[in-house]
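S.K.: Okay, handing you the structure first.
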Protein chains: 4
Amino acid sequence: MPVAPRYVEVDQQGVVFHGHYLTWFDEACTAFLDDLGVAYPDVMAGGHDFQVVHCEIDFAASVRWRDTVRVTVECTHVGSTSFTVAFAVIAHAAGAPERVAVRGHNVYVVVSTEDWAKRPVPEGVRQALTRR
Amino acid sequence: MPVAPRYVEVDQQGVVFHGHYLTWFDEACTAFLDDLGVAYPDVMAGGHDFQVVHCEIDFAASVRWRDTVRVTVECTHVGSTSFTVAFAVIAHAAGAPERVAVRGHNVYVVVSTEDWAKRPVPEGVRQALTRR
Amino acid sequence: MPVAPRYVEVDQQGVVFHGHYLTWFDEACTAFLDDLGVAYPDVMAGGHDFQVVHCEIDFAASVRWRDTVRVTVECTHVGSTSFTVAFAVIAHAAGAPERVAVRGHNVYVVVSTEDWAKRPVPEGVRQALTRR
Amino acid sequence: MPVAPRYVEVDQQGVVFHGHYLTWFDEACTAFLDDLGVAYPDVMAGGHDFQVVHCEIDFAASVRWRDTVRVTVECTHVGSTSFTVAFAVIAHAAGAPERVAVRGHNVYVVVSTEDWAKRPVPEGVRQALTRR
């Protein structure tokens, strides 16, 4: 997923504020699920929701305004009621080589929209996540 | 209402990004209504909602991280289905004199939460807004 | 400029929070200037900067998550030291007709990066802004 | 540090978007360092800066608009060139008991503002962080 760093996301050190990566990961995860045919509105309509229960982020390099950026996404684990999605932010300034600036992963649990208790990962979601 | 400019709100020019003032105004308006005894959740429970239909902002000076800032709020007009709230952002750096950095106002219309059509300003809200 | 409303931008009423439109306008203005051949970094390198001194926004309709959205941009006025850029947010849900959800404009003044006082609009910028 | 969840921070599920906690942690860390007598501007003036290199967050419960919230902060580790600050978000709705909604920690490295390479934690900072 390509991302254009927004001017508003850049702090007075001239780099993207570290908290904004979770917004990028969130958008990238939605695009990833769409791409797998798992539309979030359909998941909700089916009585399920995904909740982020754990995030981890490692920062290796800064991203600046007008850098060219893409976020890669892959599912690294599917458990009984949760799954893990890993992200990498790959960025470069004009003329500079690409590098992995940030890596992170989110653990999502599947919950029921009725009682918000954990539920098994729906079979369709599991298949989509493990397909590749 | 005092506001501590957040590090995340400051852009690479070292000043608060202009769009964030609408967030400050929104928080200031909530505090203002609370202060007048008009709790937004009660308004919603009464079948009404307020929608921002017009914003205007004038920027006279920059606000920087660690400046001391307060936002003043006053209701400047109550019409039949709308009211106007004016804001001023008053800021100073340590040791510097206070100045009005930003002025703005929002026009809110009262709508029904049933059909989202305009409704007269509820009498209790009108009285609260015109009390001072 | 196409915009995908971000999940983080949608508030608990299910609509894009009104303050975020200024972020979209900012990104749209950057894209517009790029498109005209006026690169903001070059402007800065030339000793000039643009500062937003006035914003106005009118809200006609809500924008929701997963709506298809584009922001149109045009320069509506070039004065001696300032110029005005107008924006329209055009949005539609899947299957629904397009409508103008939000209109707004920003007034920018040209300042020197040395003393931050007003300067005439540089000739190259004036020509680019009035070309169409 | 008390935090009033902002309306803009609440998503359409009615809960604070998970990425905003990193902003709260950032503000809480600044307040914590101020409280210890380690003013960030002084650190910068001394040729040092702090960079976040790792974040971890665990979500146990949601935080909603108008909940009463405070963020606790403590330094849990000081290494040779880095230190770790742990955060807990403690929240409750009106009339409900307090609970820990979110826990997280950030690892900061000390870098030189000259070459942005790692530097030992300055003695004054180390003493402040380990004082309690």
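S.K.: In deg cm²/dmol, rounded to 500, what helix-only [θ] at 222 nm does chain D give when every DSSP H run of at least 4 residues adds -39500 (n - 2.57) and the total is split over its residues?
M.R.: Dividing the helical sum by the residues of chain D leaves -6500 deg cm²/dmol.
S.K.: Something else now. With a/c under 1.5 counting as rounded, go ahead and sort chain C into rounded, prolate or oblate using the C-alpha gyration tensor (a ≥ b ≥ c being the square roots of the eigenvalues; past the cut-off, prolate if a/b is larger than b/c, else oblate).
M.R.: Prolate, since a/c reaches 1.5 and a/b exceeds b/c.
S.K.: Roughly how crowded by other chains is peptide C:23-36, in terms of the mean Cβ count from those chains within 10 Å of each of its Cβ atoms?
M.R.: 2
S.K.: From the label point of D:Ile90, set 7 Å along Cα to the beta carbon, how far off in nm is each other copy's matching point, shortest first?
M.R.: Counterpart label points of D:Ile90 in the remaining copies fall at 3.4, 4.5, 5.4 nm.
S.K.: With just the Cα atoms defining each centre, how far is the stretch B:1-17 from the stretch D:39-70? Give it in Å.
M.R.: So the separation of the two Cα centres works out to 15 Å.
S.K.: Run the numbers on chain B and let me know its relative contact order in percent, using alpha-carbon pairs under 8 Å that are six or more apart.
M.R.: Worked out over chain B, it gives 27 percent.
S.K.: Quick one: dipole size for the stretch D:38-132, taken about the Cα centre, charges +1 on Lys/Arg Cβ and -1 on Asp/Glu Cβ, in debye to the nearest 20.
M.R.: My answer is approximately 360 debye.
S.K.: Tell me which C residue has its C-beta closest to the axis rotating C onto D, and the distance in Å?
M.R.: C:Gln12, 3
S.K.: I've got another one for you. Treat each spin label as a single point 7 Å out from the Cα along the C-beta direction, and report the B:His92 to C:Ala61 distance in nm.
M.R.: According to this spin-label approximation, the distance is 4.9 nm.
S.K.: Sort A:Ser112, B:Ser62 so that the residue with the fewest other Cβ atoms within 10 Å of its own Cβ comes first and the one with the most comes last.
M.R.: Ranking A:Ser112, B:Ser62 by Cβ neighbours within 10 Å, fewest first, gives A:Ser112, B:Ser62.
S.K.: What angle do you read, to the nearest 10 degrees and between 0 and 90, between the alpha-carbon axis of helix B:20-35 and the longest principal axis of chain B?
M.R.: 50
S.K.: Name the shape class, rounded, prolate or oblate, that the alpha-carbon gyration tensor gives for the protein assembly as shown, where a ≥ b ≥ c are the square roots of its eigenvalues, rounded holds for a/c under 1.5, and otherwise prolate holds if a/b is larger than b/c and oblate otherwise.
M.R.: Verdict is rounded for the protein assembly as shown.
S.K.: Would you kindly calculate the mean projected area, averaged across all directions, of the convex hull enclosing the Cα atoms of the stretch D:1-60, in square nanometres?
M.R.: Its average projected convex-hull area is 5.5 nm².
S.K.: Right, here's the next one. What number, in nm² with one decimal, is the all-direction average of the projected area of the convex hull of the alpha-carbon atoms of the stretch D:62-132?
M.R.: The orientation-averaged projected area of the Cα hull of the stretch D:62-132 comes to 6.4 nm².
S.K.: Would you mind giving the mean number of other chain beta-carbons within 10 Å of the Cβ of each residue in C:48-57, as a whole number?
M.R.: For peptide C:48-57, the averaged partner shielding equals 5.
S.K.: Ok, one more. Defining the label point at 7 Å along Cα→Cβ, can you sort the distances from A:Pro120 to the same site in each other copy, shortest first, in nm?
M.R.: The answer, with the shortest distance listed first, is 5.8, 5.9, 7.6 nm.
S.K.: Tell me the distances, shortest first, between A:Gly14 and the same position across the other copies, using label points 7 Å along Cα→Cβ, in nm to one decimal.
M.R.: Listed shortest first, these distances are 1.3, 4.5, 4.6 nm.
S.K.: A further question follows. Around A:Cys55, with a cut-off of 9 angstrom between Cβ atoms, what is the net charge of the other residues, counting Lys and Arg +1 and Asp and Glu -1?
M.R.: Here the count lands on -3.
S.K.: Mark the label point 7 Å from the Cα of D:Thr76 along Cα→Cβ and return the residues of the stretch D:25-55 whose backbone N is within less than 12 Å of it.
M.R.: Taking a point 7 Å out along Cα→Cβ of D:Thr76, the residues of the stretch D:25-55 whose backbone N falls under 12 Å are D:55.
S.K.: Still on this model: Per residue of C:58-65, what is the mean number of Cβ atoms on other protein chains within 10 angstrom of that residue's Cβ?
M.R.: Neighbouring Cβ atoms belonging to other protein chains average 3 per residue here.
Values in this text are rule-based calculations from the coordinates and carry no lab data. This is a predicted model, so every value here is computed, not measured. Because the Cβ atoms are built from the backbone with ideal geometry, glycine has one as well, and the counts that use them run over all protein chains shown.
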